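Reading through the structure tokens given below for one structure.
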Amino acid sequence: MKKTNILWSIVVIFAIILAFSPITILFLLSLNDSPALPLKNFPTTKWYEALFQFPGAMESIVNSLMVAGVTTLVAVVLGICGGYALVRTRFVGKSFFTGLLLMPMVVPYIIMGISLLSFLLRLGMEPSLITIIIGHILLAIPYATLVLTSRFIGFNISLEEAAMDLGADRLTTFRKITLPLIMPGIITAAILSFIISWEDVAMAVLLAGSQQTAPVFMFSLVTKLPKFVPILTAMSTIMFAFAIVLAILMRKAERFSIS
Amino acid sequence: MKIDVELKNVTKKYGEIVAVDDVSFAVERGQFFSLLGPSGCGKTTTLRMISGFETPTEGEIFIEGKPMTNVPPFKRPTNLVFQNLALFPHMNVFDNIAFGLRIKKVPENEIQKRVKEMLELVRLPGYEKRKISQLSGGEKQRIAIVRALVNRPAVLLLDEPLGPLDLKLREEMIVELKRIKREVGTTFIYVTHDQGEALTMSDKIVVMNKGKVVQIGTPMEIYEKPKSKFVADFIGGTNFFEGKYTDGAVEVDGLGKISIESGAHVSKKTLLLSVKPEKICIGKKLKKVDNIFDGKVTESFYQGRAITYKVLLENDSLITVVAPSYGMERVFGIGEKVKVGWNKEDARVIT
Ligand SMILES: Nc1ncnc2c1ncn2[C@@H]1O[C@H](COP(=O)(O)OP(=O)(O)OP(=O)(O)O)[C@@H](O)[C@H]1O
Ligand SMILES: [Mg+2]
């Protein structure tokens, strides 16, 4: 029994090392004097300083934060509505719509992006951060809805009825009972939506106007290799840190909302 | 007596399914009133119509004299203890009980006081900070009951609240419920499929079957004077005898005469008799009993307080006899020849 436990620990540790080694190396390189290992003059912040002064870099990160933030907000709200509708209500063609809703998950982003672009242009919209947000919302909705649907499926409706029986109207019931109990689903959906937007390149390239998101900005620098590699490592580290901090904060919020 | 809840010809249909069929009854203020019937007979549906979660397809429900059509659940003077309790898992015991009072904007110090009173009522003082997941089945039960009671409803509705508890806990909770009822005096409408619970606790019982009311009466009336074959059988089980009536007795084919009390029923030719298992005595010799028949024991179950026998009579019918284990000389074995008998007044005429 004990032996297998140790074996499993080794497997897990190995998997973690495997998963985190590129990031660790990235992190080390971003603080290194030369663009490759071995470490020299470690640690130095010169690449971070260079990044902050690099035209468009900080701006793209701010853009990305904004796009991901709005995407998350909208996708989660729509995910709650969608999950609720799919689980709690009956309507004609429900299974058809469920299928339709999940379609974007199997369609390659690039195809989604192209069709969305032609559609939006047809509507007379100029590519901008807003079109990117629309694209990202489309990408995130299936995931957000799926997560919240499963949350609603596991939801005991008599809890809501009990609240109403105790005098709470529909809105109060939603605020005091439904919302706190689906909170873990909301947090998961929010993290997923944020990450989908945060890391997307395909949609953001196609739908971008004059303003770029961070991954697109980085992509454009990659084409000018190898001069900018160290700056890219610094930027990647920042991007990664944002994602991690966000995920941790949300998990904390979840624990807080349940207790 | 004031009527707290009244149903007038209430019917509930789900498409083709008739869950509740033309049900009428009146519950007096302060009564412990039970809805008793087998699974699927429409008890929960009836309760949900009273609390407002379902609307009757036909008929009307009155609570404290007011018609309840178009009154949503959160505006009715009733509180429901759900079949699955439905305690809020994200709140502790205090917040669960205080939920209704907070909605009604009762001042916080008043809430503190009333929650404390309630926890004392169910003998769980100091449980305020407990999480729901840290409660035992019986504790959850009691919290669910006071979460409803703390709102001082005109009527407390309980949907099989003792269902998932084990036998001992059930018996304790029955005593507990009766005590709570006595202390608060609120009208209780109690749903159960367990005749034991209903008989023990109720002032009045409505027996339901297939969506219909089949009999309304006190526990003793329901048990001793069942008006139909269904009630006689459902409440405690029974033995049926069918035969032709001729002066003072019913002639059963292959068995002989069963003498019965004289009554108004003599106009009918064929009569159905019900004799409750515990009204039948069993022995090698029987004295001072009106009706005595020969039989053979085919099965016996020792149950501690009582012994249940299956006895085959001479007309090949199998009857059930429940004999108290108190004062027994011995337990009769399978295949043993015995005599069974009962007095006239214990044979109830059903039809
Ligand atoms: N929402 C519904 N849709 C369709 N049929 C329903 C619905 N609710 C209840 N029924 C049917 O109505 C009948 C009565 O149901 P109800 O839940 O009132 O029974 P019950 O007496 O409470 O049974 P139990 O003791 O098992 O809880 C059942 O046949 C049930 O299948
Ligand atoms: Mg039920």
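Quick note: the coordinates plus some simple rules give every number you see, no bench work behind them. Note that the structure is predicted; figures quoted are calculated from it, not measured. Don't worry about glycine lacking a Cβ; one is built from the backbone with ideal geometry, like all the others, and counts go over all protein chains shown.
Some notes on this structure:
- Between A:A50, A:A36, A:A19, the Gaussian network model of chain A with springs among Cα atoms under 10 angstrom shows the greatest mean-square fluctuation at A:A19.
- Dipole of chain B, positive end: most advanced residue of B:L87, B:A19, B:G333 [Cβ charges, Cα centre]: B:L87
- Spatially, segment B:34-70 and segment B:120-168 are offset by 23 Å when compared through their Cα centroids.
- Extreme residue, positive dipole direction of the protein assembly as shown, given options B:V150, B:T320, A:T178 (C-beta unit charges): B:V150
- Degrees separating the helix B:137-149 axis from the principal Cα axis of chain B, which is the longest one: 60
- Checking the cross-link pairs B:K178/B:K276; B:K12/B:K227; B:K129/B:K210; B:K116/B:K210 against a 32 Å limit on the alpha carbon distance flags B:K129/B:K210; B:K116/B:K210 as lying beyond it.
- Neighbouring partner chain Cβ atoms per residue of A:153-159, average, 10 Å criterion: 3
- Beta bridges per DSSP, both residues in chain B: antiparallel share near 75 percent.
- Percent of beta bridges antiparallel (DSSP, the protein assembly as shown, rounded to nearest 5): 75
- For segment A:129-242, a crude dipole built from +1 on the beta carbon of Lys and Arg and -1 on the beta carbon of Asp and Glu, taken about the Cα centre, is about 400 debye to the nearest 20.
- Least to most buried among B:R179, B:R102, B:R305 (fewest other Cβ within 10 Å first): B:R305, B:R179, B:R102
- Pairwise centroid distance, computed over Cα atoms, of segment B:188-227 with segment A:1-73, Å: 71
- The protein assembly as shown - charge dipole about Cα centre, Lys and Arg +1 at Cβ, Asp and Glu -1, debye rounded to 20: 740
- Counting only alpha carbon atoms, the long axis of helix B:108-121 and the longest principal axis of chain B meet at about 20°.
- Around the Cα centre of segment A:9-136, unit charges on the Cβ atoms of Lys, Arg, Asp and Glu (plus for the first two, minus for the last two) sum to a dipole of about 540 debye.
- Violating pairs (Cα-Cα greater than 18 angstrom) within the set B:K225/B:K284; A:K40/A:K224; B:K287/B:K344; B:K168/B:K279: B:K225/B:K284; A:K40/A:K224; B:K168/B:K279
- Each of B:T218, B:G30, B:G126 was scored by the projection of its Cα onto the charge dipole of the protein assembly as shown, and the greatest displacement toward the positive side belongs to B:G126; charges sit on the C-beta of Lys, Arg, Asp and Glu.
- For chain A, a Gaussian network of Cα nodes joined below 10 Å ranks A:A57, A:A241, A:A68 by mean-square fluctuation, and the top entry is A:A241.
- For chain A, a Gaussian network of Cα nodes joined below 10 Å ranks A:A214, A:A75, A:A168 by mean-square fluctuation, and the top entry is A:A168.
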